[in-house]
1. Could you tell me the distance between the Cα centroids of segment 68-86 and segment 19-43, to the nearest Å?
2. Given the pairs LYS2/LYS65; LYS72/LYS153; LYS72/LYS145; LYS53/LYS76, which are separated by over 32 angstrom at their Cα positions?
3. How many Å³ per residue does the convex hull of the Cα positions in segment 94-154 occupy?
4. How much net charge surrounds ASP20 when only other residues with a Cβ under 13 Å from its Cβ are counted (Lys, Arg +1; Asp, Glu -1)?
5. Please give the solvent-accessible surface of GLU42 in Å², to the nearest 10, using a probe radius of 1.4 Å with every protein chain present.
6. Assign unit charges at the C-beta atoms only (+1 for Lys and Arg, -1 for Asp and Glu), then state the dipole size of the chain relative to its Cα centre in Debye, rounded to the nearest 20.
7. Which value, in nm² and rounded to one decimal, describes the direction-averaged projected area of the C-alpha convex hull of segment 57-122?
8. Compute the distribution of all C-alpha to C-alpha distances in the chain, in bins of 5 Å from 0, and list the percent of pairs in each, rounded to whole numbers.
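The values are calculated or read from the model by the stated rules, or taken from the named source; none is laboratory data. In this text, all values refer to a predicted model and were calculated from it rather than measured experimentally. Because the Cβ atoms are built from the backbone with ideal geometry, glycine has one as well, and the counts that use them run over all protein chains shown. Only protein heavy atoms, including side chains, enter the accessible area calculation; ligands, DNA and RNA are left aside. Shrake-Rupley method; radii C 1.70, N 1.55, O 1.52, S 1.80 Å.
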Amino acid sequence: MKCLYCDCTDSKVIDSRSADDDRTIRRRRECTGCGRRFTTYETIEVIPVLVVKNNGTRQAYNAEKVRNGIIKSCEKRPVPMAVIDEVVADISKQIYNSMESEITTKTIGEMVMERLKKVDEVAYVRYASVYRSFKDLSSFMSELKQMMKEEKKK
């Protein structure tokens, strides 16, 4: 690590602490050349995951877009923000742990619906109605009947 003050490349770590909810390590360093101290931060390098949209275009994965979609479907429902954040974090972790460089919007949508079904059935139906773009009442009803069959099996 190069010193900010004298450009010396030799320094020693005096103190290390975790920061940013254990996602970053903050290190206090002392330059062996001039004796001055400075702080560095060490973080995990995140390799971007590209989302392949239905029209074939690609854009970087953005957890905020997933969060906003879930918030919209949970509007006026008794779903705490902490639960929504947990769902988004779980989906993001699954996406990054897959080690894939690309993921389809269809896959992300299925992940969201799988989790929303467990959290709140009304929010699930709202999300599914937009995601699956039900064309008519019969396709919407078939989805509801499927949910009711699953509920009876429990």
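1. Centre-to-centre distance over Cα atoms comes out at 37 Å.
2. LYS2/LYS65
3. Spread over its residues, the Cα hull of segment 94-154 gives 94 Å³ apiece.
4. 0
5. Answer for GLU42: close to 90 Å² accessible.
6. 300 debye
7. About 4.5 nm², averaged over all directions.
8. 2, 8, 13, 13, 13, 11, 9, 7, 7, 6, 4, 3, 2, 2, 1, 0
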